[in-house]
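Scroll down for the structure; my scribbles are underneath it.
The values are calculated or read from the model by the stated rules, or taken from the named source; none is laboratory data. Bear in mind the structure is a predicted one, so any value in this text is a computation, not a measurement. Glycine also receives a Cβ, built like all others from the backbone with ideal geometry; neighbour counts cover every protein chain displayed. Surface areas here come from the heavy atoms of the whole protein model, side chains and all, with no ligands, DNA or RNA. Shrake-Rupley method; radii C 1.70, N 1.55, O 1.52, S 1.80 Å.
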Amino acid sequence: MNEKFLQLTFLFILVSLCIKTASVISSELVADVKVKNCLERERHALLAFKDGLIDEYGRLSSWGSEDDKEDCCKWKGIHCNNRTGHVIGLNLRGTSFVAMPLRDT
């Protein structure tokens, strides 16, 4: 019985160490993921794209350069990479826009 108790104790300690190690590793991985705001040049490009549209229904009202609209990753229809901040998707499904003619520069 004494040997069985030692085996169970050893097993308990081993499992406890495995759980502790796994929790430390997972917390470090989560801490490594940094959510970044959109990149400034990509925000400017999206705003230039918006300027080329007629948005009669205000569906792009979340897009802007005001302080509360600075992060384009929070704009409706924009999808960003949480790690890099790059815009990786644009979803304008169900929206009606009219493209304006290109401007001469």
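Has the range 43-62 got any residue that is open to solvent by less than 60 Å² (accessible area, probe 1.4 Å), more than 17 Å from the chain's Cα centre (by Cα) and basic (Lys, Arg)?
For the range 43-62, residues open to solvent by less than 60 Å² (accessible area, probe 1.4 Å), more than 17 Å from the chain's Cα centre (by Cα) and basic (Lys, Arg): present.
Residue under question is residue 67, and the condition is that it be at pLDDT 60 or above and surrounded by 10 or more Cβ atoms within 10 Å (Cβ to Cβ); does it hold?
Working: at pLDDT 60 or above: yes; surrounded by 10 or more Cβ atoms within 10 Å (Cβ to Cβ): no.
Criteria not met by residue 67.
Looking at the range 49-78, I want the residues that are more than 14 Å from residue 90 (Cβ to Cβ) and in a loop (DSSP other than H, G, I, E, B) and have a partner that is open to solvent by less than 70 Å² (accessible area, probe 1.4 Å) and hydrophobic (A, V, I, L, M, F, W, C) with Cβ atoms under 7 Å, at least 6 apart or on another chain. Which pairs are those?
Close Cβ pairs satisfying both conditions: 55/97; 65/47; 71/38.
Can you find even one residue in the range 79-102 that is within 22 Å of the chain's Cα centre (by Cα), modelled with pLDDT under 90 and of a type in the set (A, V, I, L, M, F, W, C)?
Scanning the range 79-102 turns up at least one residue that is within 22 Å of the chain's Cα centre (by Cα), modelled with pLDDT under 90 and of a type in the set (A, V, I, L, M, F, W, C).
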